[in-house]
1. 5 Å is the cut-off here: which amide hydrogens, built 1.01 Å from N in the peptide plane, fall below it relative to Leu68, excluding neighbours closer than 5 in sequence?
2. Before rounding to the nearest 500, sum -39500 (n - 2.57) across all DSSP H runs of length at least 4 in the chain and divide by the residue total; then give [θ] at 222 nm in deg cm²/dmol.
3. Counting only protein chains, not ligands or nucleic acids, how are Arg90, Arg135 ordered by accessible area (probe 1.4 Å), most first?
4. What angle, in degrees between 0 and 90 and rounded to the nearest 10, separates the Cα long axis of helix 148-159 from the longest principal axis of the Cα atoms of the chain?
5. Starting from the amide H of Ile14, placed 1.01 Å from N in the peptide plane, find each other amide H under 5 Å away whose residue is 5 or more places distant or on another chain.
6. Which of the listed residues, Ala323, Ala57, His79, is farthest toward the dipole's positive end in the chain, when Lys, Arg count +1 and Asp, Glu count -1 at the beta-carbon?
7. Could you work out the pair-distance distribution P(r) of the range 259-338 from its alpha-carbon pairs, with 5 angstrom bin width and percents rounded to whole numbers?
8. Please name which of Ala158, Leu115, Ala182 has its Cα lying farthest along the dipole of the range 104-239 towards the positive end, using unit charges on Cβ (Lys, Arg +1; Asp, Glu -1) and the Cα centre as origin.
Amino acid sequence: MAEAVVADGKVAIIQPLPGVGDMVWHLPHIHALAEAQPEGSVAIVTKPRSRADQLFAADAAVSEVLWLDRAQDGTSGAHDGVLGVLKLARMLRRHRFRRVYVLHHSWRYACAAWLAGIPERFGYGMGRQRRFLNRGPFLPESMRRDHPLDLATAWLKAAGIPQEEKEPQLRLDPASVAAARAAYADRPRPWIALGLGSSEPYKQWGAERYAALAAALSEDGWGTFFLLGGPEEKPFLPAIRAALGGDADRLVESFDMKMGEILAFLGAMDLYVGNDTSFLNLAAASGVPAIGLFGATPPLTHSGAIAALLPPDGVPDKADGMARITVEVVRDAVKSRAHG
């Protein structure tokens with residue numbers, strides 16, 4: 001058995017799911033666990049694609065972010081395989097945690113915590129993971145295939161830890177938000193964000209549809225259009241500019257902005273419309289009414305701020321589901337959401 005470290009009181013949460021959306025979904029659970037600690041904060045151990053360092057930059061509930069180096073995008077990681085578990089254990093040991101919560105059912109993270117000598121090890125306790133945990137409660141094996149959110153919520157309930165935050169809430173720096181709003185104060189309102197990004201091609205609504213939507217919404221009186229996306233969406237800009245014609249100066253694009261910069265002004269939006277991607281989750285967690293285009297994926301249900309649009313038959317389809325969501329349907333949804 002691993003030798004226990006002399007802990008200095010720090011508490012860690014291991015949340016290994018890689019996406020920004022995955023981390024946003026877990027905000028209520030992370031905040032609840034932080035509030036349950038005497039120090040009121042935790043360290044987060046997660047993967048770089050979660051952008052946790054930017055998401056939690058102004059969140060007092062998270063004291064530090066440590067990176068899990070696992071394989072992604074065809075590259076291997078230092079924490080892959082058996083040797084990777086040992087390397088992860090060494091990293092955890094250096095930080096002298098007294099307690100760890102593993103918000104996942106994998107055995108490897110619990111094993112690394114055991115090898116690191118962390119005295120108190122909590123987790124879901126499914127399968128081999130249970131061998132390396134020494135604190136309950138444990139979830140039944142029958143829940144293994146449940147949604148990660150449902151697992152985290154069920155575990156908190158079983159542990160008797162109150163989850164006061166019923167929906168994800170980003171905690172941003174008020175000064176940065178005020179500065180971002182001041183920077184765009186001369187832009188006509190109302191403001192609408194168009195989430196152009198897409199992690200997979202089948203989730204993409206396309207430049208032509210977004211251009212047509214922008215033109216329609218301009219006719220409906222929307223003042224400024226904030227285009228949210230990465231470098232891959234830059235080619236959308238000419239089509240949207242052309243569709244707006246003489247009103248193209250009412251575009252603000254974020255293709256070269258860091259996420260931290262975008263987060264600062266995202267909460268000032270009056271409405272968000274976009275693909276099923278990270279910015280949809282971020283908008284909802286910022287308290288912005290959001291319309292998500294779920295032509296190819298099941299709709300998200302974790303936030304009441306998100307209104308889901310599906311194909312006409314209500315069945316997401318990766319082949320042509322996004323194409324079957326028409327500009328007029330989205331335009332009508334915007335009208336309804338804006339005046340609802």
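1. When sequence neighbours closer than 5 places are left aside, the close amide H contacts are Thr46, Lys47.
2. It lands at -10000 deg cm²/dmol.
3. Arg90, Arg135
4. Tilt relative to the chain: about 50 degrees.
5. Val45, Tyr101, Val102, Leu103
6. So the residue we want is His79.
7. In whole percents, the pair-distance histogram is 3, 17, 26, 23, 18, 9, 3, 0.
8. Farthest towards the positive end: Leu115.
The values are calculated or read from the model by the stated rules, or taken from the named source; none is laboratory data. Because the structure is predicted, anything quoted here is derived from the model rather than measured. When we count neighbours, we look across all protein chains shown, and the Cβ atoms used for this are built from the backbone with ideal geometry, even at glycine. All accessible areas refer to the heavy atoms of the entire protein, side chains included, with ligands and DNA or RNA removed. Shrake-Rupley method; radii C 1.70, N 1.55, O 1.52, S 1.80 Å.
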